[in-house]
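Take a look at the structure set out below.
The values are calculated or read from the model by the stated rules, or taken from the named source; none is laboratory data. Bear in mind that the values here come from a model prediction, so they are computed numbers and not experimental data. Counting neighbours? That spans all protein chains shown, and the Cβs are built from the backbone with ideal geometry, glycine included. Just so you know, the surface numbers come from the protein's heavy atoms only, side chains and all, with ligands and any DNA or RNA stripped out. Shrake-Rupley method; radii C 1.70, N 1.55, O 1.52, S 1.80 Å.
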Amino acid sequence: MRTLRAVVLSLLIVVVAFVAFNYLTGNTWSPFQRERPVTIGTAGSVETAKERGAEVGEKVAVAAAKVKEEAGEAALTSKIKAKMVLDDHIKARAIDVTTDGSTVTLSGTVGSVDEHDRAVRLARDTDGVTHVVDHLRVEVK
């Protein structure tokens, strides 16, 4: 019985050591695993690779510029919404603020002309806004 226990314990230690080694080195082992290709490279000349790299670089630059623009628009929208939320005379949940560049569009419904004027003024007084498009409707209840 002691011999069997020693064999099972030894086998368990070997299996744990094998799994730990493969985990720590980043290797994977599976009976279903296929051989990985050893070489990775470009099919063609170095010039072709450079041209493709330049094309990818241009696309990345365009995407980065678009992300930067979108982030600026989101920041401007957030500034205006924050001002409206902090203002006790404006019901900010009823007003939708969208931004395209430095042009802000306000849409939705407000309860009074005073609320309408205050919302438009807050948007106009925000740094970075050059034009405000007013699509607010006044609904007196």
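Can you name every residue in segment 91-111 that is under 15 Å from THR77 (Cβ atoms) and either more than 29 Å from the chain's Cα centre (by Cα) or in a helix (DSSP H, G or I) (or both)?
ALA92, ARG93, listed by residue number.
Scan ALA64, ALA54 and give me the residue that is modelled with pLDDT of 85 or more, within 20 Å of the chain's Cα centre (by Cα), assigned to a helix (DSSP H, G or I) and of a type in the set (Gly, Ala, Ser). Please lay out each step first, then the result.
Numbers: ALA54 fails: within 20 Å of the chain's Cα centre (by Cα).
That would be ALA64, the only listed residue that is modelled with pLDDT of 85 or more, within 20 Å of the chain's Cα centre (by Cα), assigned to a helix (DSSP H, G or I) and of a type in the set (Gly, Ala, Ser).
Does ALA119 satisfy the condition of being of a type in the set (Gly, Ala, Ser) and modelled with pLDDT under 90?
Values: of a type in the set (Gly, Ala, Ser): yes; modelled with pLDDT under 90: no.
Spelling it out, it is not the case that ALA119 is of a type in the set (Gly, Ala, Ser) and modelled with pLDDT under 90.
Among the residues of segment 52-66, what is the count of those that are of a type outside the set (Asp, Glu) and either open to solvent by 100 Å² or more (accessible area, probe 1.4 Å) or closer than 16 Å to ASP125 by Cβ (or both)? Give the derivation first.
From segment 52-66, those of a type outside the set (Asp, Glu) are 52-54, 56-57, 59-66; that's our starting set.
With either open to solvent by 100 Å² or more (accessible area, probe 1.4 Å) or closer than 16 Å to ASP125 by Cβ (or both) added as a condition, the list becomes 52, 59, 62, 66.
Of the residues in that region, 4 qualify.
So in segment 112-125, with the set limited to residues that are open to solvent by 40 Å² or more (accessible area, probe 1.4 Å) and of a type outside the set (Lys, Arg), which one is nearest to SER78 (Cα to Cα)?
Step one: filter segment 112-125 for residues open to solvent by 40 Å² or more (accessible area, probe 1.4 Å), giving 112-114, 117-118, 121, 124-125.
Pick out the ones that are also of a type outside the set (Lys, Arg) and you get 112-114, 117, 125.
Numbers: SER112: 23, VAL113: 23, ASP114: 22, ASP117: 19, ASP125: 14 Å.
Here the answer is ASP125.
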